[in-house]
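Below is one structure, written out as structure tokens; the observations come after it.
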Amino acid sequence: MAFRFQRRIRLAPGVRLNLGKGGLGLSVGPRGASLSVGPAGVQGHVGLPGTGLAYRQRLDGRDSGGSSGGRQQAGQGTSRGDAAALEARLAEGDSVPLRLEVDESGQLHYFHGDGTPMSDAEARSIRRHAEASLREQLQAHCDRLNAEIERLGRLHEETPSPESNGYEVSEFDEAPPPPFQPLSPVWWHALCPPARRRREARNARLKSEFDERYRAWEWRKAGHDAAEFSRYQRESDGVWDDPQAMEATLRERLEEIDWPRETLVDFELGSDTATIAVDIDLPREEEMPDHYWAMPPKQLKLSPRRLSATRQRELYRDHVHGIAFRVLGAVFARLPGVKEARVSGYRQTTDPATGSESDQYLYSVKVTREQWERIAFDNLEQVDPVAALEAFTLRRDMTKTGIFRDIEPLKLV
């Protein structure tokens, strides 16, 4: 069984990949996003759900100038189920809000801006008028998806140097409210006292509202500055020997990492705070992707291409070792008082005879700060995370093909 320490961190994923058994799904843009097809090419619309606000950005690199169709607001959709009307709008230069989805088989599905599915005839009209731009965007998504899959095996390349242990205070990035601008007097107000009084009353109300907004902004800024100063003090002084400061700092630093999947990390500091033990709940092999994506030269779709069994095991091997490497990097970079770290990784396994789950440890490594500092952190793309861990005190039973057997983890003494 995995040791269950007093401190646990639940790390949320930062990579928008679905690595489940059901396949990989994607949408062109996050929730609330869409594409718009018009004479100016393909444009993106990112809405804020529940607010009625939207943001538009060019996606195909073409000049944003053009006809009034390109300036049409997102959300003004086309007539539903009327392919002829859609064709006419596109031919006249109107901008049509569009959403795209790719299912797990790679097929492209077309939706109106409000999420209503398009008919086959409408989808054909879209392809006729914007095939080149759609292909460009779909290829870009294909490349990003494959890059994220490759990143699973190269997580260690983002590890900071142990010398980068300072904390830089971040500035409050919210701009203050615009200055109060009183309504200017009109010449005839001198002849109409009631109108003058209404203007003065409105100015007083607007000034009061501005003062309230500004005070709220000042409070938010003061809270931010106080929190940043407190964190700066903690990461400058407390991280050397204060257990609470060390635990809070490690938690924040691990949470700031762009993790590919939700990860549980248990940790415990030694009695002298110079040592630390970390347990990592690793993914199972079946949670890793089993295919990558390609784009056929004459079709608007993505084609899943199966990864070989050897490549899948290599990706899993590199990923689980890279997680340990990344955690070690956070420990030695952010906890300068720690001289030795022991990191163990385990995964949940199911006994086929009983159906019960248990923890299977894949590796357990002990690393001193002196050993860690020998790594060339300015050349991590040349570092193999598997070989890197093998250079330390490592307990692991892994075959050449990447199959793991149970081990007994190192304990914090």
Worksheet item: Given H placed on each backbone N at 1.01 Å, which residues far from V96 in sequence or on other chains put an amide H within less than 5 Å of it?
Response: V37, G38
Worksheet item: Once amide H atoms are placed 1.01 Å from N in the peptide plane, what residues at a sequence separation of 5 or more from L362, or on another chain, have their amide H within under 5 Å of its amide H?
Response: G345, Y346, R347
Item to complete: Pop the C-beta distance of K339 and R405 into the FRET formula with R0 = 30 Å and round what comes out to the nearest 0.05.
Response: 0.45
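Please give the length that would be gained between K298 and R395 if that part of the chain were fully extended, namely 0.36 nm times their separation in residues minus their C-alpha to C-alpha distance (nm, one decimal).
Details: separation 97, 0.36 × 97 = 34.92 nm, distance 5.09 nm.
Length difference between fully extended and current span is 29.8 nm.
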Discussion item. Rounded to the nearest 10 Å², what accessible area does W217 have for a 1.4 Å probe in the complete protein model?
Written reply: 30 Å²
Worksheet entry | J(HN,Hα) series, segment 125-142, from Karplus relation 6.51 cos²θ - 1.76 cosθ + 1.60, nearest Hz, glycine and proline x | 5, 4, 5, 5, 8, 9, 4, 4, 5, 4, 4, 4, 5, 5, 5, 4, 5, 4
Response to the item:
Between A294 and residues 5 or more places away or on another chain, the pairs with built amide H atoms under 5 Å apart involve S303, R305
Response to the item:
Phi angles of segment 309-325, converted by Karplus (6.51 cos²θ - 1.76 cosθ + 1.60, θ = phi - 60°) into ³J(HN,Hα) in whole Hz with x for Gly and Pro, give 4, 5, 5, 4, 5, 5, 5, 5, 4, 5, 5, 5, 6, x, 4, 4, 4
Worksheet item: Where a Cα-Cα gap under 21 Å defines reach, which lysines qualify for K221, not counting those fewer than 8 residues away within the same chain?
Response: K207
Item to complete: Determine ³J(HN,Hα), in whole Hz, for all residues of segment 153-169 in sequence, where each value follows from phi through the Karplus function 6.51 cos²θ - 1.76 cosθ + 1.60 and θ = phi - 60°; x replaces Gly and Pro.
Response: x, 10, 4, 5, 5, 8, 6, x, 5, x, 7, 8, 9, x, 10, 9, 5
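What does the charge dipole of segment 165-237 about its Cα centre add up to, to the nearest 20 debye, if the Cβ of each Lys and Arg holds +1 and the Cβ of each Asp and Glu holds -1?
980 debye
The values are calculated or read from the model by the stated rules, or taken from the named source; none is laboratory data. Everything numeric here is computed off the predicted structure, so don't read it as measured data. Methodologically, a virtual Cβ is constructed for each residue, glycine included, from the backbone with ideal geometry; neighbour enumeration extends over all protein chains shown. Each accessible area value is taken on the protein alone, full model and side chains, heavy atoms only, with ligands, DNA and RNA left out. Shrake-Rupley method; radii C 1.70, N 1.55, O 1.52, S 1.80 Å.
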